[in-house]
Amino acid sequence: MDDDDPREWSPLHQEVAAFKKIKEQIDGPQERIPESLVRRTLAEQYGCKPEEVTLEQIHFEVSGLLPFYPAIRLIPSRPIPVDPPSPDAPLAHVVFSHSPTYQKLVFRGNEYDLTQHKYAPEIVRVLHESLKDGKAGLTTVQIRKLAKLPHNGKMYDWFRGTGLWKNLVVTAGRDTYRLDIPNP
């Protein structure tokens, strides 16, 4: 039996070795690539404006880098307005505003009513305050504690049906979230 050949290892040994390798990639150094660089490069390649490059295109193209850079962190850029605001759309220029309770929001010119969502307003409040404090994002544990959330349930469940998950509330790393707005 050859101990150097993983095909000869027990299934448990194979799983532990695979887990260790994945953990090394997650915990180890990551190639940090600015989204703005990716957008600009893809816009030149596709013959369009950087703000017209979709997240799906970005994710697809960045995934093509994985054989060369096994651990990649895409550094988000600030939101880019697609069109200048028209006089007929008074909220079009508003990137983000909120009521005192965060139950009513304006995000990228669209109004959102979170009064039927028990935890979403508190999560948005906590993430907005962390952004104002200069933090890059908060972990789920930090959000649960600061927003006084129950210990069961997933983050996306609390935003179900709002249209804000992966738009206003985005990932900022493994199990870390932030608001996709400029620093206040």
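A few comments on the model shown:
- Condition check for L37: of a type outside the set (G, A, S) and over 18 Å from T171 (Cα atoms): yes
- Residue satisfying all of: in the stretch 151-184; of a type outside the set (D, E) and part of a helix (DSSP H, G or I); nearest to R32 (Cα to Cα) among these: Y156
- Qualifying residues in the stretch 5-47 (those that are part of a loop (DSSP other than H, G, I, E, B) and at pLDDT 80 or above) - the one nearest to the chain's Cα centre (by Cα): G47
- Subset of the stretch 116-142 (residues that are loosely packed, with under 12 Cβ neighbours inside 10 Å and over 25 Å from L74 (Cβ atoms)): Q116, K118
- Per-region count, the stretch 96-146, residues in contact with a Leu (Cβ under 6 Å, 6 or more places away or on another chain), part of a loop (DSSP other than H, G, I, E, B) and at pLDDT 90 or above: 2
- All conditions in (1) more than 16 Å from R174 (Cβ to Cβ); (2) surrounded by 12 or more Cβ atoms within 10 Å (Cβ to Cβ) hold for F60, with the sole exception of (2).
- In the stretch 62-90, the residues that are at pLDDT 60 or above and either assigned to a strand (DSSP E or B) or in contact with a helix residue (DSSP H, G or I) (Cβ under 8 Å, 6 or more places away or on another chain) (or both): V62, P70, A71, I72, R73, L74, I75, P76, S77
The values are calculated or read from the model by the stated rules, or taken from the named source; none is laboratory data. From a predicted model like this one, the values you see are computed outputs, not experimental measurements. Backbone-built Cβ (ideal geometry, glycine too); neighbour counts: all protein chains shown.
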